[in-house]
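Chemist: One structure, pasted below without further comment.
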Amino acid sequence: MNQKNPYLQLSDIESVEGLSPEFISWLESQSPKESPQQLLLDEATKPARKTRRRRGTHSTACLCPEPSWYRPDNFKKLPGQLGHAYNRLVRRDRKTGALSLRMRISRHPYFVQLREQAGRKRDFRPEREKLLDAIVPLLVSTVDRATHIDTINLSKMAWQLSEKDSEGNVIRKVTVPRVCRLLQHMMEYGLLELPEGVTWDPFNRKWFPKHVVLTERLWKIIGVDLDKLYAEQAEQVAAEAAGWITRDEHGQAEEISVKAARRRWYENMMHATLVRRREAAQKAKREKKLKALAEMPYDDRAYAMSVHLIRTLPKDELHALSPDQFTQRVRSHLYQLDLGLEREAGPPAYH
């Protein structure tokens, strides 16, 4: 066998005596017509496979490379250690009054030390570093004093971080996926926690709002006094007596822990969200029925209202009503809904 050619060829066999004709024909069919080097060269020079995929002409540059957010002048100053944390992050020029960042969180050695632990091989890109520097003052400004919980509204947060003109119109927009990816990175580095996870609302088929907790590591990086911060947190929890303080079996007041306070806060927020969404759904359903009722003639409206009263009124009240009283009740309900005789059939007028 030729060393340069790893294939067994018919020419490599000195004698074909004793070989069957079938084996000789099979060997001829298996022997390559060209050398392996020639086959590799042909494969390299083979034209690329045709495809309809094309590179778009749109720009992939960051829409807002310089995001920023500072507390407006009409906002009250943050109390205690929260105000100290914000002042460590943001400074104001005494001459011009312009606001700027005093501390860049993204340049802290913590991100270099825990880079591999967070699953990264290199540092953040400059655009993501600037977004991280801008989002931390926003989180500190909107955090709850008692539980250190921050309610995440991604669309509102992206709008707040976007660059705006003097009239408040967005010039360069920070997108929601960009903010969402940054929050996920902050959770990987241990700066934020999502203890309750993300819960699905099966009734309205929506996700409940995300609520993240600012961790002790983030407060240490900012440089606040943790003892004073936790003392202020305990005072705030104790001050919110309604729902934050429980009674034991002896009737004595018992201060609940921060973990229990967070759990109760989550339950209250989920209940409030469910109530608000159900009220909105009922309102939309009622408006839809009223719109359909308004497009009917008066006789059909009166008939539909009478059917509704038969279904909803108690049986004893219906039994006590005479035919004239029942008719008067139907007309009264129609007039209360502005669907009386003076209302012509047709879609409602827009106000």
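The values are calculated or read from the model by the stated rules, or taken from the named source; none is laboratory data. No experiment lies behind these values; they were computed from the predicted model shown. Methodologically, a virtual Cβ is constructed for each residue, glycine included, from the backbone with ideal geometry; neighbour enumeration extends over all protein chains shown.
Chemist: I'd like the residue in segment 68-124 that is among the hydrophobic types (A, V, I, L, M, F, W, C), assigned to a helix (DSSP H, G or I) and touching a helix residue (DSSP H, G or I) at 6+ places or on another chain (Cβ under 7 Å) and, out of all such residues, is surrounded by the most Cβ atoms within 10 Å (Cβ to Cβ).
Modeler: By that ranking, first place goes to A85.
Chemist: Next up: Can you say whether I152 is surrounded by 18 or more Cβ atoms within 10 Å (Cβ to Cβ) and either modelled with pLDDT under 90 or β-branched (V, I, T) (or both), as far as the supplied structure shows?
Modeler: Spelling it out, I152 is indeed surrounded by 18 or more Cβ atoms within 10 Å (Cβ to Cβ) and either modelled with pLDDT under 90 or β-branched (V, I, T) (or both).
Chemist: To continue, here is another question. Residues that are modelled with pLDDT of 80 or more and surrounded by 15 or more Cβ atoms within 10 Å (Cβ to Cβ), at least 2 per element: which strands (runs of 3 or more DSSP E) completely within segment 167-282 meet that?
Modeler: Filter on segment 167-282 gives 210-214.
Chemist: Identify, by number, the condition in (1) surrounded by 15 or more Cβ atoms within 10 Å (Cβ to Cβ); (2) of a type outside the set (S, T, Y); (3) under 23 Å from the mean Cα position of the chain (by Cα); (4) at pLDDT below 90 that A146 doesn't meet.
Modeler: (3)
Chemist: Can you tell me which of (1) surrounded by 16 or more Cβ atoms within 10 Å (Cβ to Cβ); (2) at pLDDT below 90 is the one L139 doesn't meet?
Modeler: (2)
Chemist: Which number in (1) under 27 Å from R276 (Cβ atoms); (2) free of Cβ contacts under 8 Å to residues at least 24 places away in the same chain marks the one condition that E216 misses?
Modeler: In the conditions (1) under 27 Å from R276 (Cβ atoms); (2) free of Cβ contacts under 8 Å to residues at least 24 places away in the same chain, E216 misses (1) alone.
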